[in-house]
Every structure is written in C-alpha cells, then in structure tokens.
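None of the figures in this text is laboratory data; all of them are computed from the coordinates on show. What you see is a predicted model; the values in this text were computed from it and never measured. Note: ideal-geometry Cβ built from the backbone for every residue, glycine included; neighbour counts use all protein chains shown.
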Amino acid sequence: MNQNDDQESNELDELKRKLSNAKLPADAAKTVDREMRRLQKMQPMNQEYQVTRNWLETLAEIPWTVTTDDRLGPDTLNRARKQLDDDHYGLDNVKKRLIEYLAVLRLKQSINDEVEEKIKKAQEELGQAATSNEKEKGTAEEGSEIEGSAKPEMAKLDILKSQRMVDKSPIMLLAGPPGVGKTSLARSVATALGRKFHRISLGGVRDEAEIRGHRRTYVAAMPGLIVQGLRKVGVANPVFLLDEIDKIGQASIHGDPSAAMLEVLDPEQNYNFQDHYVGMPIDLSKILFIATANSLDTIPAPLLDRMETIYIPGYTTLEKRHIAMQHLVPKQIRVNGLAESQVAFNQEVVSKIIECYTRESGVRNLEREIGSVCRAKAVEYAEAKDGGHIDDYRSDLSVEDIENILGIEKFEEEIAEKTSRPGIVTGLVAYSSGGNGSILFIEVADMPGNGRVQLTGKLGDVLKESVEVALTWVKAHAFELGLTPEPTTDIMKERSIHVHCPSGAIPKDGPSSGIGQAIALISLFSGKPVPPTMAMTGEISLRGRVTAVGGIKEKLIGALRAGVKTVLLPAQNRKDVKDLPQEVKDGLEILHVSHIWEAIRLVWPDSHWAEDTNYRGIESRL
C-alpha cells in the first residue's frame, strides 16, 4: 500500500508540475489550485477523485499559451504561392484570399516586432530610472516625488503595449461540389504556414455536447470536439478544418449543434469560448478555421453570416486534363507498383477518360478510372515479366486500349453537325453536376394544325416558359421578319409546332436556351438554315433583349470540344469571357449580342430584314 501511495503522490506532483507549466489564465489558475488541494486530500478510491483528476489532466494538456511560430520571412508569400500551386491547379480565388491573409499576418508581425523593440527599450529606461531613484531616495516626501516622476514612463509603456497588433484569424468557408480539393486545400494552407493541421468531421453531429462538451458531473464526461482537437495538436494556433459543416444537425432534443458553432466561429466571441467540461474560457481566436460545404442551402443563416464564403466551381475538362497529367497519373502509377517508364498516358488518352467515362465536378471518379487503367497495365506487365517475354510489353496507351480496359463508353459526347436544315439550332448547356458543359440541339418542326405547341425532351417549367416567350416574340414580329404578308396575320393560325431537345431521358431546365429557341423558330418559318458550327446561349425577354446566363466557362469549353466555331453570347456575359483559358479564346469566335435583332443579323448576315422601328442595334464583337 505504501508503494502505491508513493506512486500516486509522484503522479500528483507530476500533474501539479504540468499545470504550472501550462501557464493558465489567472482566474483559471486559482480554480485549479483549489481543486488540486481538494484532490490531494481525497482518497484514490473516492469516486470524485478520478473525476477531478481527469479534469485537471485535461486542463494540463490544453495549449493555453503554446503556439507554433509562423514561417513569416521575406519569402513567405512566394513560398506559400508555390506550395498552393504545386498542390492544386486553378482555384485562383481561393489562393488569392489565402495569400492576402498571409500578407496581413506578415505585416502585423513586422509591426509587433517594432513595438516589442520599443517596449524593451522603454522597460530598460524605466529600470535604470528606478535604480537611480533608489540610490537618491531620501525622505518619504522625496520618494513620493520620484514615484510621481516615473508615472509618465509607465504611461508610455502602457501606450506601447496597446499598439500590439492582435491576430484575428478569418473564418473561411470553401463551398463547392465534391472532389474539387476543398479538404486538401486546407491541408496545403497549414503546410504553407508551417502550422499543425487538424480535421473535425461535422457530418452527422446531432448533439450540442459534441461541440461544447459534457458537464463534469456526467458519467464518462469529456470535452467537445474543439477542445479535443486542441489537446491533440498541442498548440493554440493550428489550422482547423471543419469538414462538411452543411451536414451538421439542426435543433433537436439533444440541443442545436449548429447554434453551438455560432460562438466558435464568431471572431468577436471565440476568444472567450466556454466548453461545458472545462468550465472556463478558452481563447480560440488564434485558430485558423476553414470550413467546407457542398451546399449553402442547409447552413443556418446566422452561421453562414459568420463565415467568409469562397465558392469553388467544378473543374473544366481542360483543368481536369492538367490535374490528371500532373497529379493523378503519377500518383496512381506509384500506388499500383509501376514505374513511370512502365505506363505512358498521353493527352488524348486522358481526354478520352474524362469525356467518355466520367461526368463529375471533381476528379475522384477520374482518379478511379485512371487507377483501373494502371491496374490493368500492372497485370499485363506482371504476366509479361513472369512469362519471360518482357520485350513484348508495350508501355504506351492508346484510345483503343482505354476502350478495351474500361469497356463501353459511359457517356457520349455531342458533336456539332456538318450540315443543317431549317428549324435546327445548336444551343449550349452546363451540367448541374458542375464542371462540364456541352452542346444541346434544339429541334423545331411544324405541321398543319390550329396553333398547338408540343414540348418534349423532359423539359422543366422554366425551359417551357422560355419557349413560350420566344414564340410570342416571333409571332409579334412576324411581319418585320418577313414571315407574314400583313402585320395582323397570325403565323400560327393554320399550323402547330413541336419543340424537342434530344436525350429525352435527361432532365433539362433553365432560361438560357431562349435565344436558340427564337432563332430556331425564325429558321423554321423562314426556311433559312442556321450555320451548323454556330452555337448560342442567352435568355430573352418579351422585348427581345438578350440577358446574362450562367455557366459560360463550362459551356464554351464544351462548345470548343464539340467542334463549334462561332458562339453568340449575351453582352452582359462579356466579363465572364475574361476568365476563359486562352485555348478557348483562340479556338472560338465569340460574338456578343444585347438584342435578338443583333443575333438575327449575325446568323444570316446576307439576308435583308424589315427594320424594326423600335430598335436600332449595334453589333458587338469581342
């Protein structure tokens, strides 16, 4: 028993030493001293003994003042920029924001270094004055005068201390589809800063106590995920990744974990975060929080308001090809036990995999398909090596090899027609999964009837309304277009039309095909075909104005891939063209229009139309 008592006493002494080294805040230190004295008076067999000891050990492991020194030298920004570029392709908006944060951090550190030098100098002067005063001190009256003379120096010292720059880390939310690199980007930030990294998965968290911790009185109580993360990394200024914050639970009988996150993610409050288990304020302001989400719709508005949202769009085909060649292919070759000389991917092969076997925003499925190809080549190489005919092994890959390994194409790419006929227009589409775009044919046919309009192709409500707007505009301007002999003649009086968008099993919606539908109707009624290598996108109004649409980057990359040569875009989308890859700008003739009349004159430049007295359009070219 004596030996056990000695061991227990030694462990308590060690705990006391750890608590002393932890440098707790003054109020917390008083509470800890009181609890430590209570613990020393308890018997180890007492139930309260283990509860108190576990609590004190938790406090000793929390990094109250321990921090990682940020690597903020003269080369900080260049090093961080290189780190981010090496790890991730594209994502310029995110990289720009992170570089801004590092620049601010660097400037604050420079200011603090200057202030610390001034404080050190002022303290030395104050110490010298105090020493001189001690020697010269005579009567009590003289001492009080000398003490009064030191007050200006003390005030100066206080002013200098108030000039220290406090670092309040931003709370960033990276929102985007799965597989675009949100999680790995946060890890790269930690590497660039030289800070420790910790990931907290919030998906499926339904209990408020998971965030704030359980009170000490509960059996098997423990701190929340935030404090547990601090204990694990051992520093007060790590990078915390709050993964899948959009999937955190809402209010229930177990509390509201999303409401508990409000205090964690508020820079004005999180310097004083209260964990129920710890029971005393913890400073979270030094932590760089980076949250990720796939959708903003499920995040409560107050929580969303506390974060700086940076949207990461899906990768385009060109970006995926670059990522595959620079990152995914070397990784999968290495993972599957091959050398780079034993399997050779080329641009054509990678493009085939991207376009025909994956259709996603990110690159996860692309990596899986590349892995499948590498495994097939690994089998081929192993059999050739074991069979003694290694010279027959061919390392390079062809498009035919991809079809043999991965099987039948999962997705078929639309290709621009070589010829055209009236009523057929090439539109542009951006897939809802993000990152990909393509062309979409709009087909219009007429037949004898009584003005009926039939719509097929699994069209959504917005798309159906867009067809109605286009038809109304064409009917209203049929005389100016030369489609009717009199202004009062109804062009639909003795005919019906059928509007169809192929790939009938795929749902389609959105207003962006309005200009294409109007041109298709004019083409049908006038008998003039639209050039097959011309595509267009844009919403139209009843006045004939062409307004902005989304997904321009994806649509134009898809158009170039499909063999389109000329694209009509809304003039309001001119700003979106600036962000296009140079390859796309060079490969397409991009024409901007602000009214349907401009589009008509660009589609049929040799035709003569009656002037619309209410519109004088000016052709706008890129």
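Based on C-alpha pairs under 8 angstrom that are at least 6 apart in sequence, the stretch 424-621 has a relative contact order of 25 percent. Pull out a ≥ b ≥ c, the square roots of the eigenvalues of the alpha-carbon gyration tensor of the stretch 172-247, then state rounded if a/c is under 1.5, prolate if not and a/b is larger than b/c, and oblate in the remaining case. Oblate is the answer for the stretch 172-247, as a/c is 1.5 or above yet b/c matches or exceeds a/b. Taking 56 Å as R0, compute the FRET efficiency from the Cβ-Cβ separation of S20 and H254 and round it to 0.05. Once rounded, the FRET efficiency stands at 0.90. Between A476 and A339, the simple spin-label model (points 7 angstrom out along Cα→Cβ) gives 7.2 nm. Applying 0.36 nm per residue to the separation of F411 and N10 and subtracting their alpha-carbon distance, the gain on full extension is 137.4 nm. Listing D33, D275 from fewest to most neighbouring C-beta atoms within 10 Å gives D33, D275. Within the same chain, lysines fewer than 8 places from K121 are excluded, and of the rest, those with a Cα less than 16 Å from its Cα are K156, K161. Among K464/K565; K95/K247; K95/K458, which pairs are too far apart, with a Cα-Cα distance over 30 Å? In this structure, K95/K458 lie more than 30 Å apart at Cα. A Förster radius of 30 Å, combined with the Cβ-Cβ distance separating V453 from S541, puts the computed FRET efficiency at roughly 0.95. Among the listed pairs K377/K410; K16/K286; K320/K352, those whose Cα-Cα separation exceeds 18 Å are K377/K410; K16/K286.
Taking a ≥ b ≥ c as the square roots of the eigenvalues of the alpha carbon gyration tensor, the stretch 2-48 is oblate, as a/c is not under 1.5 and a/b does not beat b/c.
For the stretch 424-621, a/c is not less than 1.5, where a ≥ b ≥ c are the root eigenvalues of the C-alpha gyration tensor, and a/b does not top b/c. That puts it in the oblate class. Once the gyration tensor of the Cα atoms in the chain is diagonalised, the equivalent ellipsoid follows with semi-axes of 65, 33, 26 Å, ordered largest first. Beta-bridge orientation, the stretch 417-515: approximately 70 percent antiparallel, per DSSP, counting only bridges with both partners inside.
One decimal place: the segment A220-K528 gains 103.0 nm when fully extended, by the rule 0.36 nm per residue minus the C-alpha distance. Label sites at D33 and K331, each approximated as a point 7 angstrom past Cα along Cα to Cβ, lie 5.3 nm apart.
Taking each residue as 0.36 nm, the span from E308 to Q50 lengthens on full extension beyond its C-alpha to C-alpha distance by 88.6 nm. Computed from the C-beta positions of D69 and K96, the FRET efficiency with R₀ = 22 Å rounds to 0.30. The value for the stretch 399-508 of Rg(Cα) / (2.2 N^0.38 Å) is 1.40. For the chain, DSSP calls about 40 percent of its internal beta bridges antiparallel. Modelled spin labels at D85 and S110, positioned 7 Å past Cα toward Cβ, are 2.2 nm from each other.
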